[in-house]
Amino acid sequence: MAVAVVIGAQWGDEGKGKVVDYYASKADFIARYCGGANAGHTIVLNGKKFKFNLMPSGALYPDKVNVIGNGCVIDPKRLLEEIEMVKKEGHEPLLVISGRAHVIMPYHFELDGAEEERKGPLAAGTTRRGIGPCYSDKASRFGIRVADLLSEKTLSGRLTKLHELKVKQLSIYGKNFGQTYEQVLEQYLAYGKKLAPYIGDGTQTLAQGVAKKKNVLLEGAQGAMLDIDHGLYPYGTSSNTTAGGACTGTGIGPTKIDEVVGVVKVYTSRVGSGPLPTELFDAVGNGIRDRGEEYGTVTRRPRRIGWLDLVTLRYSAWVNGLTGLAFTRLDTLAGEQEVKICTHYELDGTKIDYMPQTPEEFARCKPVYISMKGWKAMPEPEWKALAKRGYSSLPKEAREYIEFVSKSLSVPIYVVGVGPGREDTIVLKHVFAK
Ligand code: IMP
């Protein structure tokens with residue numbers, strides 16, 4: 001039995017879905033602990049693609065318990081669509097939505113856009129899924145929680161003042177909120193009725209799983225550098241995406257966590273704005289974007305591409321307490337003569353090996369690189385054959401590259417991904433022994 005957390009160690013889109021999917025086969029419980037429909041993962045089952053924003057990665061297994069933890073923010077409309085997708089595959093999802101999770105309301109979407117416009121250069125380039133405004137309401141204790149959708153008395157009581165306030169708030173931004181209090185109430189009570197069979201106590205559900213010594217997988221969303229506390233504020237998201245968030249966002253205490261696996265793409269990618277010291281604006285960056293089809297799953301925006309940044313990774317290894325690394329996209333980086341890794345920054349003429357606290361300083365950081373020999377490009381079947389043969393058959397240069405990173409972070413390699421499929425994964429250590 002084990003409790004394992006899988007997090008994105010960089011800026012999101014590291015390929016967590018693939019690693020989680022692999023580990024999920026041996027998990028009994030799979031829980032999401034942060035974010036909402038700003039995340040996106042694709043699961044391929046029997047050649048069919050499923051795009052989920054909210055459902056945990058075990059949704060398509062009929063025998064695994066999926067929990068949406070209290071740390072998440074839920075768009076009920078989107079979640080109901082995803083439940084229908086699973087039902088169409090012939091089974092009821094085994095889903096528990098924490099009654100403590102917060103609900104994205106229609107005014108949150110509107111506010112997300114209005115606030116972004118107002119922020120000018122400080123805009124994070126959000127996914128416009130209402131994430132920030134929903135977490136703001138949670139923090140100011142104005143929020144509506146999933147359990148509130150089950151009682152007309154409770155919901156109407158919460159919404160009366162709130163609706164009036166949100167109409168006023170939006171009018172400050174010059175926006176007219178088009179839905180009446182009655183419309184919102186009716187719509188969200190209807191969502192509550194439909195979600196009722198799945199609403200439960202996520203904390204209790206997981207506590208029982210841990211007590212019975214089951215395998216529990218806590219699935220991160222976004223990436224460490226987008227964390228509200230530890231990320232590049234204000235250019236990140238509004239939740240704790242780091243491993244600590246797995247505890248607060250599910251109700252599992254820190255002493256119960258056995259493994260924290262950080263997923264690391266072997267280069268950097270980022271959607272949204274804010275400084276990115278190793279960003280590439282040349283043919284190398286464009287080539288990686290094209291080969292890796294690096295476009296946002298939720299927004300379809302082209303992702304910004306850069307060399308691997310060891311400074312932010314060192315920081316990430318520390319704030320997440322990483323016990324293992326899962327490297328992804330070795331196939332995408334293949335074909336470069338030379339690959340670079342940023343080991344330090346130069347900030348105002350001084351060499352530093354840590355991430356500065358302010359975005360202004362971060363923007364002035366100039367990357368200091370080491371250069372390594374690249375590895376050759378190969379057609380997909382060759383990578384698949386390599387994956388089958390195991391770690392030692394990987395190109396020597398690729399092994400040297402990831403071993404350098406692993407050694408620099410003092411964190412062992414658990415997984416290496418050389419393609420999009422489950423069979424393109426080399427697992428050196430599984431987080432669940434059985
Ligand atoms: P929000 O989470 O929609 O408020 O967006 C805040 C910032 O986080 C923006 O820069 C987004 O592009 C980024 N972001 C949010 N979710 C993801 C994700 O799942 N992957 C990568 N970036 C994300």
### Query
Which of the peptides 110-122, 276-288, 300-312 is most tightly packed, and how do the rest follow, judged by the mean count of other Cβ atoms within 10 Å per residue?
300-312, 276-288, 110-122
### Task
Please report how many Lys pairs in segment 103-196 have alpha carbons closer than 22 angstrom, counting only residues at least 8 apart along the chain or sitting on separate chains.
14
### Summary
Rounded to one decimal in nm, the spacing of the 7 Å Cα→Cβ label points at Ser151 and Thr358 is 4.7
### Summary
Note, segment 218-225: 3J(HN,Hα) by Karplus (6.51, -1.76, 1.60, θ = phi - 60°), whole Hz, Gly/Pro = x, goes 9, 9, x, 10, 6, x, 4, 6
### Query
Across segment 21-36, in residue order, what do the Karplus-derived ³J(HN,Hα) couplings come to in whole Hz, using 6.51 cos²θ - 1.76 cosθ + 1.60 with θ = phi - 60° and x for Gly and Pro?
4, 5, 5, 4, 4, 9, 8, 9, 10, 10, 10, 9, 10, 8, x, x
### Task
Please work out the average accessible area per residue across the chain, using the 1.4 Å probe convention, and give it in Å².
43
### Summary
Check: C-alpha center segment 318-346 vs C-alpha center segment 362-434, spacing in Å is 8
### Query
Straight-line reach from Lys351: which lysines have a Cα under 24 Å away, not including same-chain ones fewer than 8 places off?
Lys340, Lys366, Lys407
### Query
In sequence order, what are the phi-derived ³J(HN,Hα) couplings for segment 313-320 according to the Karplus relation 6.51 cos²θ - 1.76 cosθ + 1.60 with θ = phi - 60°, rounded to whole Hz, with x for glycine and proline?
5, 4, 4, 5, 4, 6, 5, 9
### Summary
Total charge of the residues flanking Gly71 in space, meaning their Cβ is under 11 Å from its Cβ, with Lys and Arg +1 and Asp and Glu -1, is +3
### Query
Over segment 103-196, what percent of the accessible surface lies on carbon and sulfur atoms, probe 1.4 Å?
53
### Summary
The rounded separation in angstrom of the Cα centers of segment 48-96 and segment 189-256 is 15
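The values are calculated or read from the model by the stated rules, or taken from the named source; none is laboratory data. Owing to the predicted nature of the structure, the values given are computational and were not obtained by experimental measurement. Don't worry about glycine lacking a Cβ; one is built from the backbone with ideal geometry, like all the others, and counts go over all protein chains shown. For the accessible areas, the whole protein counts, side chains as well, though only heavy atoms, and no ligand, DNA or RNA atoms are used. Shrake-Rupley method; radii C 1.70, N 1.55, O 1.52, S 1.80 Å.
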